[in-house]
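J.: Okay, here's the structure, questions in a sec.
Here, each number is a calculation from the coordinates, and none is a lab measurement. Everything numeric here is computed off the predicted structure, so don't read it as measured data. Cβ atoms come from the backbone with ideal geometry, glycine included; neighbour counts cover every protein chain shown.
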Amino acid sequence: MKLKYTAWLRDSMGCESEDIALPAAIKTVGMLLDWLPTQGQRFESGFKYIDVVLVSVNRQHADRDHPVHDGDEIILAPPIAGG
């Protein structure tokens, strides 16, 4: 699975994208978002405010119930405020 990060999440994660091996037990976006912060300090810190992040799966908006598969591209896009 390819994870792509935008805005402040990209800065927090220290990269624009990365490939991860999706465990077989992870079946939905919600399960993925709950699992990722358990994968080490970088993920725990980067995903601190994950509830405000918009998720797309293969370039389509996805809610927490949307299914995920190992070959998917997941884009995590936090809201951006202007001034």
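J.: Quick one: work out the % antiparallel among DSSP beta bridges in the chain, nearest 5.
T.: Details: 11 of 15 bridges.
Expressed as a percentage, antiparallel bridges in the chain total about 75.
J.: While we're on this one: 222 nm [θ] for the chain, helices only, -39500 (n - 2.57) per DSSP H run of 4+, per residue, to 500? Intermediate results must be reported in sequence, preceding the final value.
T.: Numbers: 3 runs with 20 residues, N = 83.
Mean residue ellipticity at 222 nm (helix-derived): -6000 deg cm²/dmol.
J.: Given Cα positions, please report Rg to Rh for the chain, the hydrodynamic radius being the Kirkwood one.
T.: On the way: Rg = 11.9 Å, Rh = 12.8 Å.
On the Cα set of the chain, Rg over Rh gives 0.93.
J.: I need to check one value: relative contact order of the chain, counting alpha carbon pairs closer than 8 Å and at least 6 residues apart, in percent.
T.: Details: 134 pairs, mean separation 33.4, N = 83.
The value is 40 percent.
J.: Arrange the following residues from fewest to most other Cβ atoms within 10 Å of their Cβ: LYS48, LYS27.
T.: Details: LYS48 10, LYS27 14.
Least crowded to most crowded, the residues run LYS48, LYS27.
J.: Additional query: For ARG59, ARG10, what ranking results if the residue with the fewest other Cβ atoms within 10 Å of its Cβ goes first? Can you show the working numbers first?
T.: Details: ARG59 8, ARG10 17.
Starting with the residue having the fewest Cβ neighbours, the order is ARG59, ARG10.
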